[in-house]
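S.K.: Could you have a look at this structure, given as C-alpha cells, before my questions?
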Amino acid sequence: MVEIRCATDRDAAAMMRVLDRVIEGRVYSAIERSWPDQDAAAYLRGLSPREAVHVAVDGSGEVVGYQSLDLYSAILPSMSHVGQIGTFITPEVRGCGVGRALFAATEAFAREHGYAKFVIQVRAMNSGAQAFYARMGFRECGRLSRQVLVHGVVDDEVLMEYFL
Ligand SMILES: CC(C)(COP(=O)(O)OP(=O)(O)OC[C@H]1O[C@@H](n2cnc3c(N)ncnc32)[C@H](O)[C@@H]1OP(=O)(O)O)[C@@H](O)C(=O)NCCC(=O)NCCS
C-alpha cells in the first residue's frame, strides 16, 4: 500500500512526472503541460498555512500520486471556508485506493484548518474522475460550457461541491 504525507518542495519534480503521465491521457485535465520543476517547488514553498499538497508514496519511495488543497479564493475572506482540490494519480496504480487515501488525508487537514466545503472542476469528458468524486461524496452543481480548449479539443467543465 502507499504512504500519504504532506509534500515539500523536494517532491516537486516527482509530482510533475506524475502530472506528465496524467496529461498524456489528454482527456483528464485542463492542464496542457506541467510546470518547470523549479516553479512547482516555488508553488509548494508558497502555500499558505491553510493549504497543502499530499503525496502518495509507494513501497519503493516513488511518488505515485498527489492531491492539492488550495483556497478557493486567496483574496476573499467571505470564501475562506471553501477549498478547491485537484487529484493526480499515475496510471499504473489507478483503481487501487490511492485517490481515496489521499482524499482522507486532505479532508482531515481541511477539517483541522477551518474548511466547510470543497469545490472541484472536472472536464466533462472525464467521467472516471466524476465517478471518483461522486464516490467521495461530491455532487454535481453546475456546468461551464466550452470552458476548455486543450490539445485542440473543446470541452465543458463540470462543477462539483462537497460539504465537510
Ligand atoms: C480519478 C482518480 C483521481 C481516482 O483515483 P484512484 O486512485 O484511481 O481512485 P480509487 O481507487 O481511490 O477509487 C475510489 C473510489 O472511486 C471509484 N472510482 C475511481 N475511479 C473510478 C472510475 N474511473 N470510474 C468509476 N469509479 C471510479 C472507485 O470505484 C472507488 O470506489 P469504492 O472505494 O467505493 O470502491 C485517478 O483515476 C486519476 O488520477 N485519474 C487521472 C487524473 C484525473 O482524472 N484527475 C482528476 C482531474 S479533476
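S.K.: Are there any pairs with C-beta distances below 8 angstrom linking a residue in region 20-40 that is in a loop (DSSP other than H, G, I, E, B) to a residue that is among the hydroxyl-bearing types (Ser, Thr, Tyr), with the two at least 6 apart or on different chains, and if so which?
M.R.: Short answer, once both residue conditions are applied: Trp35/Tyr43.
S.K.: Still on this structure, I have one more. Note down all Cβ pairs under 7 Å where the first residue falls in region 63-85 and is charged (D, E, K, R), the second is modelled with pLDDT of 95 or more, and they're at least six residues apart or on different chains.
M.R.: Asp70/Glu51; Asp70/Gly83; Asp70/Gln84
S.K.: Checking the conditions here, which among Gly99, Gly142, Gly65 is within 9 Å of the ligand (Cβ to nearest atom) and part of a strand (DSSP E or B)?
M.R.: Sole residue among the options that is within 9 Å of the ligand (Cβ to nearest atom) and part of a strand (DSSP E or B): Gly65.
S.K.: Of the residues in region 102-120, how many are in a strand (DSSP E or B) and basic (Lys, Arg)?
M.R.: Final tally of qualifying residues: 1.
S.K.: What residue, of Val154, Val158, Val119, Val148, is at pLDDT 95 or above, away from the ligand (no atom under 15 Å from the Cβ) and among the β-branched types (Val, Ile, Thr)?
M.R.: Val154
The values are calculated or read from the model by the stated rules, or taken from the named source; none is laboratory data. The structure presented is a predicted model; accordingly, all values stated were derived computationally and were not measured. FYI the Cβ positions are ideal-geometry reconstructions off the backbone, even for glycines, and counts take in every protein chain you see.
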